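Presented below is the structure to which this report refers.
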């Protein structure tokens, strides 16, 4: 009977899309905190998009924007969270978001120059990954993914070792592929971890929407860059194969 119900889908009768977005197991203050976090994250992403657009047109990214981004991140992290510093921390988050967006300008511009659909696909893919892993974290049992912290720290260290070894040994192609795909997996799982950390800290009374939005913004940026690079490489490989095919036909 269970197999028949699965086959005809009767187990899903009465299940609507809205049922996937019910988080009644979360306390009301935690839900309100999450709303503030994602609202702040949305504004930060919009500012990043603005920074990317400005760099595409005016080429502003460089050492100054890099130092500014690092300074804003350190300042935001080290500045204590209380009402008197809220506006200052929002300003530092905005500065970091703008500079990070500007840093992506050349890569996004390259994608737009090849095929605008590449950038759109990377953006939609990033949103799909982020939303999927966020919902998985919010709908799962509390603390079920917190054990991943140590594993992810080790994985990030492994990526650093992989990059260093590829530089020393000169094996760039294989290590680059491994770094891109493995890094994509790592930062996707970081969305799980960071989301549950936000929930647990809020449940314990520590609510810092600015810092939480910063953590998620870094995850999204890392995922977007890797998906965009994958799409660019696939497009370049496809064009190379097409050119080789045309050259063979000309020789024939």
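Each value in this text was obtained by applying a stated rule to the coordinates, not by laboratory testing. Note that the coordinates shown come from a computational prediction; the quantities given were computed from them, not determined experimentally. Because the Cβ atoms are built from the backbone with ideal geometry, glycine has one as well, and the counts that use them run over all protein chains shown.
Test of understanding: ordering 215, 194 by Cβ neighbours within 10 Å, fewest first, what list do you get? Please list the in-between numbers first.
Details: 215 19, 194 23.
Lowest to highest Cβ neighbour count: 215, 194.
Suppose the chain between residue 178 and residue 120 were pulled fully straight at 0.36 nm per residue; how much longer would it get relative to their current alpha carbon spacing? Before the final figure, lay out the partial values.
Details: separation 58, 0.36 × 58 = 20.88 nm, distance 2.38 nm.
The residue 178-residue 120 span can extend by a further 18.5 nm.
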Relative contact order of segment 28-242, defined on C-alpha pairs under 8 angstrom at six or more residues apart (%): 30 percent
Using only the Cα atoms of segment 28-242, build the gyration tensor, take square roots of its eigenvalues as a ≥ b ≥ c, and label the shape rounded, prolate or oblate: rounded if a/c is under 1.5, else prolate if a/b is larger than b/c, else oblate. prolate
So for 30, 108, 54, fewest C-beta neighbours within 10 Å to most, what's the order? 54, 30, 108
Ranking 238, 88, 226 by Cβ neighbours within 10 Å, fewest first, what do you get? 238, 88, 226
